[in-house]
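Have a look at the structure below, then the notes.
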Amino acid sequence: MQTNTTTKSQNENPTAQDGRHGATEVRRGLGALRPQLYARALRLTRSPSQAEDIVQDTMVRALRFEAQFRAGTNLRAWVSQVLMSVFLTKCRK
């Protein structure tokens, strides 16, 4: 029978260290995801210039909130959600 030897302080905030690793992952992954983000934005807007604006705003917002990204989770899904949020915000204006 195994016993759990982790302390409460280790379980309280498991992402304390992951915050920095998540930020690094976001910064590395954004460049690679840019073509996919542009393609999605272009499908949504049907305008190349608006798609570029949305991708740029998405990247800025993703960098601003990179600390909220948890390392090891799906970066593409997270950034796609940010893109959709940016798109909807622009549509409302």
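Consider only pairs whose beta carbons are under 9 Å apart and that are at least six residues apart or on different chains; among these, list those whose first residue lies in segment 66-93 and is over 14 Å from Gln50 (Cα atoms) and open to solvent by 30 Å² or more (accessible area, probe 1.4 Å) and whose second residue is in a helix (DSSP H, G or I) and among the aromatic types (Phe, Trp, Tyr). So the pair list comes out as Gln68/Trp78; Arg70/Trp78. Restricting attention to segment 47-60, does a residue exist that is more than 16 Å from Glu25 (Cβ to Cβ), exposed (fewer than 13 other Cβ atoms within 10 Å of the Cβ), of a type in the set (S, T, N, Q) and over 9 Å from the mean Cα position of the chain (by Cα)? Looking for residues that are more than 16 Å from Glu25 (Cβ to Cβ), exposed (fewer than 13 other Cβ atoms within 10 Å of the Cβ), of a type in the set (S, T, N, Q) and over 9 Å from the mean Cα position of the chain (by Cα), one finds at least one in segment 47-60, hence yes.
The values are calculated or read from the model by the stated rules, or taken from the named source; none is laboratory data. Note that the structure is predicted; figures quoted are calculated from it, not measured. Every residue, glycine as well, gets a Cβ built from its backbone with ideal geometry; the counts of neighbours run over all protein chains shown. Just the protein is used for accessible areas: all its heavy atoms, side chains included, with ligands, DNA and RNA removed. Shrake-Rupley method; radii C 1.70, N 1.55, O 1.52, S 1.80 Å.
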